[in-house]
Amino acid sequence: MNTSEMEQLQRLATELPPGTRLRLTLTRHARSDEFQAFARRLAEMAPGIDILTDVTAESTPPWMETTGGIRFLALPEGDKLDCFVDALKPLDGGDNGLLPVHHEWLTHITLPAEIRLYIAPGCPFCPRALKEWVALTRASEKLRLQVIDGAFFPETAREENIQAVPTLILDDQLRWSGRIPVAEVLEQLATRDPSRLSADALDGIIKEGQAEQVARAMVANGALFPAIIDLLVNEKWPVRLGAMVVMEAIAAAAPQLAARAVPILRERYDRLDDPVRGDVLYIIGETGDYRAVPFLKEITAHSTNPEIRQAASEALATLQTEQRDQ
């Protein structure tokens, strides 16, 4: 950050009221020191700002998260500093300078969405795109925005095959580059088919605390989103846990819908590791599908892993209890 940018940040920082919060997450990534230094400079210029710092052992890029779920994997500079400070300001319920048509589309978004915006220094269209999507995210609790500096984190840009900036990615499936058509993106957000969400996109929604909303969407659609099965058999425990919460909610509201997962989970069962198998057995028990009883009895009788036998036995007991209560 040069002298001019330091002066600009100091001027902008005076607009931040006391109690403004910035969450800083540091990792083992080599860029973490630069993020920490930026946060320290910001704290010096705005003494009223409250910087909450987390440190993880992961090697992923560090980030700063501002009001309204806007995450910066970028160190703002030049004309992007204004947008960063705007993102820090408390939500005031204003129109954020949005067009009426944009507000209208925002009201029709039913499921949360994660949007990734790739930017880079010297890009003529990036400041405008950043300003627009910061304002849109602050105007809707359904949007979560990640701003990624592709030049600062080239490995992340390579992983997503970013060829130009700005590039906006929605749900890991749709992308726009250059002059991003805001109305078109918002229309896609409002009309997108949630059953086509990727596993990563669905996991991101669940991690935002929206498990109940995901369950309600499936019940309303009368169908299980294919991605939920992928999450239930994911090797990572936190991912499985979120999907299990969704399935529990579906089983409580629509048992017949939850039961549709059972044959798919049974088909995948033999290819799973034991920790995943244990969770799959639990979910089968929660579905209330009594047709799974022979399958569970076979595992209880023949599995060589005592923990798996116990999980099958508990699932069997759950099914039998539910059958008696019907």
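The values are calculated or read from the model by the stated rules, or taken from the named source; none is laboratory data. Remember, it's a predicted structure, so these values are computed and weren't measured experimentally. Counting neighbours? That spans all protein chains shown, and the Cβs are built from the backbone with ideal geometry, glycine included. Just the protein is used for accessible areas: all its heavy atoms, side chains included, with ligands, DNA and RNA removed. Shrake-Rupley method; radii C 1.70, N 1.55, O 1.52, S 1.80 Å.
Between a residue in region 22-48 that is more than 21 Å from Ala151 (Cβ to Cβ) and surrounded by fewer than 18 Cβ atoms within 10 Å (Cβ to Cβ) and any residue that is among the acidic types (Asp, Glu) and at pLDDT 95 or above, which pairs come within a Cβ distance under 8 Å, given they are 6 or more apart or on different chains?
Arg23/Asp54; Arg23/Glu65
Can you spot a residue in region 95-115 that is touching a strand residue (DSSP E or B) at 6+ places or on another chain (Cβ under 9 Å), surrounded by fewer than 18 Cβ atoms within 10 Å (Cβ to Cβ) and of a type in the set (Ser, Thr, Tyr)?
Looking through region 95-115, none of the residues is touching a strand residue (DSSP E or B) at 6+ places or on another chain (Cβ under 9 Å), surrounded by fewer than 18 Cβ atoms within 10 Å (Cβ to Cβ) and of a type in the set (Ser, Thr, Tyr).
Restricting the search to region 155-213, which residues are hydroxyl-bearing (Ser, Thr, Tyr) and over 29 Å from Ile229 (Cα atoms)?
Within region 155-213, Thr167, Ser177 meet the criteria.
Please give the number of the condition Ala251 fails out of (1) open to solvent by 30 Å² or more (accessible area, probe 1.4 Å); (2) hydrophobic (A, V, I, L, M, F, W, C); (3) under 26 Å from the mean Cα position of the chain (by Cα).
(1)
With respect to Gly178, is the statement that it is of a type in the set (Gly, Ala, Ser), closer than 29 Å to Leu88 by Cβ and either touching a Lys or Arg at 6+ places or on another chain (Cβ under 8 Å) or at pLDDT below 90 (or both) true?
no
Would you say Arg309 is open to solvent by 50 Å² or more (accessible area, probe 1.4 Å) and over 23 Å from Leu197 (Cβ atoms)?
Criteria met by Arg309.
Please give the number of the condition Gly209 fails out of (1) over 19 Å from Pro112 (Cβ atoms); (2) without any contact (Cβ under 8 Å) to a residue 12 or more places away in the chain.
Of everything listed in (1) over 19 Å from Pro112 (Cβ atoms); (2) without any contact (Cβ under 8 Å) to a residue 12 or more places away in the chain, Gly209 misses just condition (1).
Determine, yes or no, whether Leu231 is open to solvent by less than 10 Å² (accessible area, probe 1.4 Å) and over 21 Å from Leu296 (Cα atoms).
So Leu231 passes the test.
One line per residue, one yes/no per condition, for (1) modelled with pLDDT of 95 or more; (2) of a type outside the set (Val, Ile, Thr); (3) out of contact with any Cys (no Cβ under 7 Å at 6 or more places or on another chain):
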| position | (1), (2), (3) |
| --- | --- |
| Gln188 | no, yes, yes |
| Thr191 | no, no, yes |
| Lys207 | no, yes, yes |
| Val214 | no, no, yes |
| Asn234 | yes, yes, yes |
| Met247 | yes, yes, yes |
| Asp279 | yes, yes, yes |
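If you go through region 207-220 one residue at a time, do you hit one that is of a type in the set (Lys, Arg) and touching a Pro at 6+ places or on another chain (Cβ under 9 Å)?
yes
Which of the residues that make up region 275-306 are loosely packed, with under 13 Cβ neighbours inside 10 Å and either in contact with a strand residue (DSSP E or B) (Cβ under 7 Å, 6 or more places away or on another chain) or of a type in the set (Asp, Glu) (or both)?
Glu298, the sole residue that qualifies.
Return yes when Glu77 is touching a helix residue (DSSP H, G or I) at 6+ places or on another chain (Cβ under 7 Å), open to solvent by 20 Å² or more (accessible area, probe 1.4 Å), of a type in the set (D, E, K, R) and within 21 Å of Ala157 (Cα to Cα) and no when it is not.
yes
Could you list, in sequence order, the residues of region 51-74 that are small (Gly, Ala, Ser) and open to solvent by less than 30 Å² (accessible area, probe 1.4 Å)?
Selection gives Gly68, Gly69, Ala74.
Go through the residues of region 175-193 one by one and say whether even a single one is open to solvent by less than 70 Å² (accessible area, probe 1.4 Å), under 27 Å from Asn234 (Cα atoms) and in a strand (DSSP E or B).
no
Looking at Thr67, Thr25, Thr53, which is the one that is under 30 Å from Val185 (Cβ atoms), polar (S, T, N, Q) and touching a helix residue (DSSP H, G or I) at 6+ places or on another chain (Cβ under 8 Å)? Reasoning before the result, please.
Working: Thr25 fails: touching a helix residue (DSSP H, G or I) at 6+ places or on another chain (Cβ under 8 Å); Thr53 fails: under 30 Å from Val185 (Cβ atoms).
Answer to the selection: Thr67.
Out of Leu145, Leu136, which single residue is under 29 Å from Ile229 (Cα atoms) and open to solvent by less than 70 Å² (accessible area, probe 1.4 Å)? Spell out the reasoning first.
Values: Leu136 fails: under 29 Å from Ile229 (Cα atoms).
Matching residue, one of Leu145, Leu136: Leu145.
Please specify each residue of region 299-323 satisfying the condition of being in a helix (DSSP H, G or I) and among the small types (Gly, Ala, Ser). Before the answer, list the steps.
Within region 299-323, the subset in a helix (DSSP H, G or I) is 299-302, 306-323.
Scanning region 299-323 gives Ala301, Ala311, Ala312, Ser313, Ala315, Ala317.
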